[in-house]
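Note sheet for the following structure.
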Amino acid sequence: MALISGDKHGKIAGSKHTNSEFTMTDPKLKPAPLAYSNETFLASPDGRILRLLSEYIEPLSRFRREQIQDTVVFFGSARVASHDSASGKLNDVRNNGASASAAQQAIEMKRAEAAVDMARYYEDARRLAYLLTEWSSQIPARRRRFVVTTGGGPGIMEAANKGAHEAGGKTIGLNINLPFEQFPNPYITPSLNFEFHYFFMRKFWFAYLAKALVIFPGGFGTLDELFEILTLAQTEKLAKKIVTVIYGSEYWKKVINFEAMVDAGVISPQDLELFKISDSPEESFEFLKANLTKYHLGPQQPKRSDEAATPEIAKTRP
């Protein structure tokens, strides 16, 4: 085997540099970023599992810290405005009529008038959230019970957070990144303002702590959330009772014909007992109060010591 030879000055055959020259001129490598600090990796497909885990563990940590035991979730359209806002928009449309074509003016007037009519649901959600928070704040408990929770955006979500805020309680917003509409409303308790990337992780947290659900008029997202929870209840996948109110019979009877589903045999008559349709904040409150008391404030089995610091969660059946 041939050996590389060097002369008496330490030079390698065929090289113009000495060993000392390599030592002096070689740059030192900078430390690589720690894996959990590497934003490029965390944002990559390979980092997805860590992002998913973060959207589970970080909210859980905050719920523990804020002593949240369970929630009442309000769903409804992000497009429903307060009465003052809707009325102001209607006046604007009327005043700008001269600058629009007759056809366009008719379309805008119809929408503005519908918004004024729908505004009653904003005010009712605000009132119901106020009543619930005022009552739940007086429940003697180590942790916060039946905290009003929404998707964190405008419309019905804003109304419910606002009502809870006005009653002096904490209130949760589970927001999500969307290209339009979805931004945190100002009434969410800052320490309970969440931002999600993954829809299914956000849905998980809606169901995880919920003991009651209030469904106000809404669109695709509201329908999705309503039927997802009703399906879990119908199939007995949750080992707890979720009290459900569908609010606004005039709207919902036009949108969904539950009786037709029974008549067609695709659901059972008893499935209609999974929810109550209501048209009054006071009536809804009394129903929620009675059933939350019956199912979730009655005598309960003592908990293990390791459960004391964790929220009461939506356990699935074995």
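Here, each number is a calculation from the coordinates, and none is a lab measurement. Predicted model, so just to flag it, every value in this text is computed and none were measured. Here the Cβ positions follow ideal geometry from the backbone for every residue, glycine too, while neighbour counts run over all protein chains shown.
For segment 253-293, the residues whose backbone nitrogen is under 14 Å from a point 7 Å from the Cα of Gln234, taken along Cα to Cβ, are 256-275. Counting beta carbons within 10 Å around each of Thr150, Thr293 and listing the fewest first gives the order Thr293, Thr150. Taking one quarter of the surface of the convex hull spanned by the alpha-carbon atoms of segment 139-217 gives a direction-averaged projected area of 5.7 nm². When His165, His83 are arranged by Cβ crowding within 10 Å, least crowded first, meaning fewest neighbours, the order is His83, His165. The peptide list 266-273, 151-158, put in order of mean Cβ contacts within 10 Å with the highest first, becomes 151-158, 266-273.
Full extension of the segment from Asn38 to Phe220, taken as 0.36 nm per residue of separation minus the current Cα-Cα distance, would add 61.8 nm. Our compactness index for segment 216-257, the C-alpha radius of gyration over the empirical 2.2 N^0.38 Å, is 1.24.
Find the centroid of the Cα atoms in segment 210-225 and in segment 122-136, then give the distance between the two in whole Å. Each part reduced to its Cα centre gives a spacing of 16 Å.
Pairs of Cα atoms in segment 151-307 fall into 10 Å distance bins, from 0 up to the last occupied one, in shares of 9, 34, 38, 17, 3 percent. Efficiency by 1/(1 + (r/R0)^6): what FRET value for Asp271 and Leu52, r their Cβ-Cβ distance, R0 = 45 Å, to the nearest 0.05? For Asp271 and Leu52, the calculated efficiency is 0.85.
For Arg62, Arg144, the sequence from fewest to most other C-beta atoms within 10 Å is Arg62, Arg144.
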